[in-house]
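*Asks:* Take a look at the following structure, please.
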Amino acid sequence: MPGSALPSLRDCATQQGLSMNTVISAYRLLEDRGLIESRPQSGFFVCSHLPQPQAPIRKTAAILQNAKEHEIMNMILLASRDPDYVDLGLATPKSAKYYPGEQLAKITASLLRKKSALVAQYALPPGSSALKEQIAHRGHRLGMQLDPDNIVITHGGMEALQLALKAVTKAGDKVGIEAPSYFNLYPLLDALSLQALEIPTHPQHGMDLDVLEHLLQGGELSAIISMPTVQNPLGFTMDIAAKRRLADLVNQYQTPLIEDAIYAELQYAEPLQPTVKAFDSEGWIIICSSYSKALAPDYRIGWIEAGRFSHKVKDLKFISSVAESKLLSEAIAQILKSGGYDRHLRSLRRHSYEQMTTIRGLVARHFPPGTKATLPSGGFLLWVELPAPIDSLALFIAALKHKIIVVPGQIYSRQGRYQHYLRISCCQEIDDRMIEAFQTLGKLALQQCATQSAAE
């Protein structure tokens, strides 16, 4: 099946009684035809034949059943607490392969033994110097020159985004965001009395920069939020030329860009592609990230480097939550400095790519003809385009009855888009329960197609 491993070259030659040269030629022919793929240090695997979505969606449509994104998220969060559900929805890895938990626990315990006074001291802003230095050092891998003195440690990535928005906007301002965009942006913007202006975003190339430039020329935007590297939910990474242009635009029009880089280190290919911040010439780009997705989700350690807005962000952090735990920050600093995190990332990238390929294969095998899915550049999120008769909100509700969690596309836009789309999280163990869940999802989707056809 798609995603399955093939015998090694040597094993195949032995099993079939063929010469190595014959087997190598056969594998190369299959690879050239797109039937198999080679993965470094892993061998050969069967490819899936699932086409990718090809264009951004600009048309709008009414959201069926009048569901609100917070109601849908409450249903997802409630179900995710029940171990009887197969969680294909939340981007919250539950496998030990996603986190170096044992190593981090040892480092934290060692710190407690050696510096027990840490737990009896107030942490002071803007955060651990050791961690800030490590963040600045790691920024070089993504093409950035970050000043440790301008880095503020935050309570996860969401606080970093909130601080950035508070620093550069006021109530009533318009903020440009990608469409589709991370669903939690909408309640965040609502809470700050900001208006979201959705910018068409190509599933492979990213935000439409011509549309963005037109908006900037008209002075319509007070800020922009973008995830140009391994975007959630589409998984694309903008090419370097587009990132340069984006940086040039925000500097030219002096409009802050808040760059969410939470998945930037989870790119599959190395060397890593640079962030947009790497091309910032005048400090108009604010970059945010966290260590929740691949290192320590419960530690809730994030960070922000706000360029020309750094002093404002420091003041806002002090008002918001003063500072983050020095103990937890120092523990993360140590694992970053030791090289343990880099070793973990290399393994995680391989594992995530294998998971993604296998799950794309399951979608190709079990979902209705005409289904498409993105081919992400990193991370563990898959954006699936279903045939037009299928309503993803109805499919989401039907799936919950079978104890399966997915995320319907409707919550990724306020404009009624994406009613035929699902986001699937690929960061759980692929076992018999998960395979059965994909079989069930496929059957439910096919039933919707049949029902719609009969009605017509």
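The values are calculated or read from the model by the stated rules, or taken from the named source; none is laboratory data. Just so we're clear, the structure is a prediction, and the values are computed from it rather than from any experiment. Counting neighbours? That spans all protein chains shown, and the Cβs are built from the backbone with ideal geometry, glycine included. We work out accessible area using only protein heavy atoms, side chains counted, and drop any ligands, DNA or RNA first. Shrake-Rupley method; radii C 1.70, N 1.55, O 1.52, S 1.80 Å.
*Asks:* Counting just the residues of segment 420-450 that are of a type in the set (S, T, N, Q) and touching a Pro at 6+ places or on another chain (Cβ under 8 Å), which one comes out nearest to residue 188 (Cα to Cα)?
*Replies:* Top of the filtered list is 428.
*Asks:* Tell me yes or no: at least one residue of segment 57-75 is in contact with a strand residue (DSSP E or B) (Cβ under 7 Å, 6 or more places away or on another chain), in a helix (DSSP H, G or I), at pLDDT 75 or above and more than 26 Å from residue 387 (Cα to Cα).
*Replies:* no
*Asks:* Now for a separate question. Collect the residues in segment 362-377 that are part of a helix (DSSP H, G or I) and under 20 Å from the mean Cα position of the chain (by Cα), keeping them in residue-number order.
*Replies:* Within segment 362-377, 363 is the sole residue that qualifies.
*Asks:* On to the next question. Hey, any hits in segment 378-385 for a residue that's part of a strand (DSSP E or B) and open to solvent by 30 Å² or more (accessible area, probe 1.4 Å)?
*Replies:* yes
*Asks:* Might you let me know whether segment 417-440 holds any residue that is touching a Phe, Trp or Tyr at 6+ places or on another chain (Cβ under 7 Å), surrounded by 21 or more Cβ atoms within 10 Å (Cβ to Cβ), hydrophobic (A, V, I, L, M, F, W, C) and over 30 Å from residue 240 (Cα atoms)?
*Replies:* Looking for residues that are touching a Phe, Trp or Tyr at 6+ places or on another chain (Cβ under 7 Å), surrounded by 21 or more Cβ atoms within 10 Å (Cβ to Cβ), hydrophobic (A, V, I, L, M, F, W, C) and over 30 Å from residue 240 (Cα atoms), one finds none in segment 417-440, hence no.
*Asks:* Every residue in segment 314-330 that is in contact with a Ser or Thr (Cβ under 9 Å, 6 or more places away or on another chain), within 29 Å of residue 222 (Cβ to Cβ) and open to solvent by 40 Å² or more (accessible area, probe 1.4 Å), please.
*Replies:* Passing the criteria: 320, 321.
*Asks:* May I pose another question? Looking only at segment 327-342, which residues are part of a helix (DSSP H, G or I), closer than 14 Å to residue 138 by Cα and not hydroxyl-bearing (Ser, Thr, Tyr)?
*Replies:* Answer for segment 327-342, where residues must be part of a helix (DSSP H, G or I), closer than 14 Å to residue 138 by Cα and not hydroxyl-bearing (Ser, Thr, Tyr): 332, 333, 334, 335, 336, 337, 340, 342.
*Asks:* Could I ask something else about it? Pull up segment 386-407, narrow it to residues that are part of a loop (DSSP other than H, G, I, E, B) and under 30 Å from residue 99 (Cβ atoms), then point me to the one that is most open to solvent (accessible area, probe 1.4 Å).
*Replies:* Residue satisfying both the conditions and the ranking: 402.
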